[in-house]
Amino acid sequence: MSYKGYLGCHSKVSKEDQEFYDLKNKAADYYRSNGVPEKIEGVLNEMFFQKPNDIYGYLANYFTRFSCTPVISKITGREVYDGRGLTAIQANVHCIIRDEEKMVCSAVMGGLYDSLSEGIAESRETVCNSDQQQLSVTTALNWIREHLSPMLQGFNPTDQTNLDKLLSDFFMARYLEDKKRCETEQEENKSETVSEAPAQAPPAPASNKDKKGGDKGKKGNSTEKPLPPAEPPVPRLPGAIAVGVVSLAVAKTATRLIGAPLYTHITSIRVQQASNKIYLPMPMITILSCGKNSLGKLNLLDEVILLPTSSQRVRQQVIGLSLELHREMRRILNGSGCKAGPVGISEEGSLQVGFERPEQALDLVTEACANLKLPLGSDLRLAINCAAQCLMDYSRGRYEVMSGCHKSPDELVDLYEGLIHKYPSITALIDPFRKEDVEQWERLASVIGQSCCLIADEGSNPCPQWGDAKPLPQGVTRVIFRHHGDMTISELIRRFADKSDTETILAAGSAETGDTSIVDLAVGLGSFFLKMGGLRGGERMDKYNRLMAIEQELEQEGILGAREINLVKPAAVTS
């Protein structure tokens, strides 16, 4: 009805009344065009019959279904510290939800240089790496504030694939800029060196001794093959950690908005599987550390890892047995007859013992398992992380397996063969050589046959956005993946898909934080194993607790799959 009909044809209409009724009609048109009267009438009728206790909660839930899809409003970052006191970065995702801005979720990742300090004894190099990590975090915060936040504003956080493409394109643009700058600087430095170099005299003619093959010392070394030079370090672009932490934070935000755990969100992004079962990765638990950072002479056994090879429940059978084994080894070490050096806890959360020979460490584990009647060699096996890349003495061209004891790559093959023969429970060797010692990888694989497998940590390989990944040595049958700071979630999924023919292993970074996302990633990616260190330290135990919680959730929902896991033989699904 118009305002004239409402007041009567003989009534005098004021300007204020006319404006009021015009506004009223516009409001009615606005609500009708959005279907508000019908929805209100429907929910009031529905609520009258149901008579809920919380009327306004009922109304809120009803109208939430018609609200707009949440979108990213901004992304913020701040500097935090990891478990070792090094700088890390936290990314916070803010979204517009029901016409209000809210901080939905966050993610924390350590700097790109967290792995470079492993095995480094010189304080100068450690400080240098710490400075580089600080530069990476500072640059990443600038990237988030100045570039990534405006770029992702208004983006749907559940669209992980397209969002990760934006992040990857941004990263590649920065990488190409940095590469061009470095090439320009190298050309300028090369030109300056050539212009300043003095004229060189012609080379002296070779002496008769040189023509005959050199002196006796050189002749004695001629039978030993020259050591392949170390490959140049992987380029790390400062600030690249912003890509990985923002991608992870957005993935966690999506799970919060859709009301599902992160592992189901990751599973939905992957190629759909034929089975509706979800398989839990088996934890590789570090029980002993006798590497270069220990106070004993032994350098070779950086980690002795307990490796379940059958489908066992994480809480009762895997973690429980590992804790019993830890206590029993401590009891033996505290005994008067045990010849061991200082005992402590390593940064990886395991017992750190000073031994002189690898047999001492392996005998300790064997004795403790025998005392507890644990099935070492059948249901429980051992994996040895040798971390050989940290043991090479380039001045000698040999590995320093024990203080003052150096072995050539060929001699190291014989050492590994002897240990595996003496301790058949060893079913895997992780990084027994540098990646450059290709011949020794292949020779060791042929020597140990099917009794033990060789695992390479792909942490030293660059991500595809840096270029083609370096091929792994022949003989490597399993690969350890890490979620690098310059890698999006979509890129991590693609890398796992490329290795679908192997039993993949996902490892947590050495920079421990309170973020437990690595566990959900391992479950969602279908990883066979999850390497998180020992059972000491709050940040690390949070991850083990998350793994047990997921196991319980899957059991309650009836979708926990079981598969027989063995690093030597292909896995078989049993249910």
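The values are calculated or read from the model by the stated rules, or taken from the named source; none is laboratory data. Only a predicted model underlies this, so the values are computations on that prediction, with no experimental measurement involved. Note that we place each Cβ from the backbone using ideal geometry, even for glycine, and neighbour counts take in every protein chain shown. Ligands, DNA and RNA are stripped out before the accessible areas are found, and what is left, the full protein with its side chains, is counted by its heavy atoms. Shrake-Rupley method; radii C 1.70, N 1.55, O 1.52, S 1.80 Å.
Filter region 108-131 down to residues that are part of a helix (DSSP H, G or I) and buried (at least 16 other Cβ atoms within 10 Å of the Cβ) and give me whichever is modelled with the lowest pLDDT.
Checked region 108-131; the qualifying residue modelled with the lowest pLDDT is Asn129.
Table: residues versus (1) outside any helix (DSSP H, G or I); (2) buried (at least 17 other Cβ atoms within 10 Å of the Cβ); (3) modelled with pLDDT of 90 or more.
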{"residue": "Gln474", "(1), (2), (3)": "yes, no, no"}
{"residue": "Arg478", "(1), (2), (3)": "yes, yes, no"}
{"residue": "Glu503", "(1), (2), (3)": "yes, yes, no"}
{"residue": "Tyr544", "(1), (2), (3)": "no, yes, yes"}
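Return yes or no: is Ile258 on the phi < 0 side of the Ramachandran plot and open to solvent by 20 Å² or more (accessible area, probe 1.4 Å)?
Spelling it out, Ile258 is indeed on the phi < 0 side of the Ramachandran plot and open to solvent by 20 Å² or more (accessible area, probe 1.4 Å).
Can you tell me which residues in region 526-542 are touching a Gly at 6+ places or on another chain (Cβ under 7 Å), on the phi > 0 side of the Ramachandran plot and modelled with pLDDT under 90?
Gly537
Would you mind stating whether Thr255 is in contact with a His (Cβ under 7 Å, 6 or more places away or on another chain), modelled with pLDDT of 90 or more and not hydrophobic (A, V, I, L, M, F, W, C)?
So Thr255 passes the test.
Yes or no, residue by residue, for (1) within 20 Å of Pro432 (Cβ to Cβ); (2) open to solvent by 40 Å² or more (accessible area, probe 1.4 Å):
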| position | (1), (2) |
| --- | --- |
| Asn334 | no, yes |
| Val353 | no, no |
| Arg357 | yes, yes |
| Ala368 | no, no |
| Leu372 | no, yes |
| Gly377 | no, no |
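For region 201-217, state whether one or more residues are modelled with pLDDT under 75, under 30 Å from Cys390 (Cα atoms) and open to solvent by 40 Å² or more (accessible area, probe 1.4 Å).
Yes: one or more hits.
Given the structure, is Cys390 within 17 Å of Leu295 (Cα to Cα) and open to solvent by less than 10 Å² (accessible area, probe 1.4 Å)?
When the stated conditions are applied, Cys390 does not pass them.
Rundown of residues vs (1) at pLDDT below 90; (2) over 18 Å from the mean Cα position of the chain (by Cα); (3) within 23 Å of Leu86 (Cβ to Cβ), yes/no style:
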{"residue": "Glu512", "(1), (2), (3)": "yes, no, yes"}
{"residue": "Ile518", "(1), (2), (3)": "no, no, yes"}
{"residue": "Gly524", "(1), (2), (3)": "no, no, no"}
{"residue": "Leu547", "(1), (2), (3)": "no, no, no"}
{"residue": "Gly561", "(1), (2), (3)": "yes, yes, no"}
{"residue": "Val568", "(1), (2), (3)": "yes, yes, no"}
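For region 143-186, what are the residues that are of a type in the set (S, T, N, Q), open to solvent by less than 30 Å² (accessible area, probe 1.4 Å) and closer than 18 Å to Pro238 by Cβ?
Hits for region 143-186: nothing passes.
For every residue, the table says whether it meets (1) over 28 Å from the mean Cα position of the chain (by Cα); (2) aromatic (Phe, Trp, Tyr).
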site: Ala383; (1), (2): no, no
site: Ala387; (1), (2): no, no
site: Arg396; (1), (2): yes, no
site: Ser408; (1), (2): yes, no
site: Tyr416; (1), (2): yes, yes
site: Ile420; (1), (2): yes, no
site: Thr427; (1), (2): no, no
site: Ile430; (1), (2): no, no
site: Lys435; (1), (2): no, no
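Being in contact with a His (Cβ under 7 Å, 6 or more places away or on another chain), in a strand (DSSP E or B) and open to solvent by 10 Å² or more (accessible area, probe 1.4 Å) is the filter here, so list the residues in region 393-409 that pass it.
Of everything in region 393-409, those that are in contact with a His (Cβ under 7 Å, 6 or more places away or on another chain), in a strand (DSSP E or B) and open to solvent by 10 Å² or more (accessible area, probe 1.4 Å) turn out to be Asp393, Arg398, Glu400.
It is to be established whether one or more residues within region 394-404 are among the polar types (S, T, N, Q) and out of contact with any Pro (no Cβ under 9 Å at 6 or more places or on another chain).
Yes, some residue in region 394-404 is among the polar types (S, T, N, Q) and out of contact with any Pro (no Cβ under 9 Å at 6 or more places or on another chain).
Which pairs have Cβ atoms under 7 Å, sit 6 or more apart or on different chains, and link a residue in region 78-95 that is charged (D, E, K, R) to one that is part of a strand (DSSP E or B)?
That search, which allows pairs on different chains as well, returns Arg78/Gln90; Glu79/Thr87; Glu79/Ile89; Asp82/Ala88; Asp82/Gly110.
Step by step: first the residues of region 17-55, then only those that are of a type in the set (Gly, Ala, Ser) and over 51 Å from the mean Cα position of the chain (by Cα), then the one that is surrounded by the fewest Cβ atoms within 10 Å (Cβ to Cβ). Which residue is that?
By that ranking, first place goes to Ala27.
Just need a number here: residues in region 65-102 that are under 30 Å from Met47 (Cα atoms) and open to solvent by 50 Å² or more (accessible area, probe 1.4 Å).
The total comes to 10.
Exactly one condition in (1) buried (at least 19 other Cβ atoms within 10 Å of the Cβ); (2) closer than 27 Å to Arg546 by Cβ is false for Ala361; which is it?
The failed condition is (2).
Scan (1) at pLDDT 80 or above; (2) open to solvent by 60 Å² or more (accessible area, probe 1.4 Å) for the single condition Cys105 breaks and write down its number.
Answer for Cys105: the failing condition is (2).
Select from region 410-434 the residues that are assigned to a loop (DSSP other than H, G, I, E, B) and open to solvent by less than 40 Å² (accessible area, probe 1.4 Å) and list them in ascending order.
The answer is Tyr423, Ser425, Asp431, Pro432, Phe433, Arg434.
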